[in-house]
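Working notes, structure below.
What follows is calculated from the coordinates using simple rules that are stated; it is not laboratory data. Quick caveat, the model's predicted, so the values are computed rather than measured. We place every Cβ from the backbone using ideal geometry, glycine too, and count neighbours over all the protein chains shown.
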Amino acid sequence: MTSEPGSKDLGRPCGARAVALRNFIRRRVQDAAEAEDILQEVLYELVAAHRLMQPIEQAGAWLLRVARNRIIRPLSARSGRKPFGTRSFRAVGR
């Protein structure tokens with residue numbers, strides 16, 4: 001496996017916070033397999049952001065925010081709510 005410049009910086013927040021992140025997700029998601037899937041998606045997003053050279057200054061906060069969003073997304077899909085900006089509004093005065 002080759003290492004890219006700056007890849008050591010990527011491993012530090014993952015390794016140091018992976019257990020806490022897993023616990024954060026498990027407290028909110030009952031199904032263990034689903035919680036693992038969410039954890040993998042969050043870590044994938046971290047790697048993708050790193051590869052795109054998007055700076056993440058508060059890695060711990062960023063990971064928790066992404067995890068929270070991943071947890072909430074299926075809940076809002078089941079409720080039938082549309083994401084903000086996708087609702088159609090009728091024109092004013094009509």
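Please compute the net charge surrounding Arg65, taking Lys and Arg as +1 and Asp and Glu as -1 over other residues with Cβ under 15 Å from its Cβ.
+2
Gln30 to Arg17: extension gain in nm, 0.36 nm per residue of separation minus the Cα-Cα distance?
2.6 nm
Give me the net charge of Gln40's neighbourhood, meaning all other residues with Cβ under 13 Å from the Cβ of Gln40; Lys, Arg count +1, Asp, Glu -1.
After counting each charged neighbour, the total is -3.
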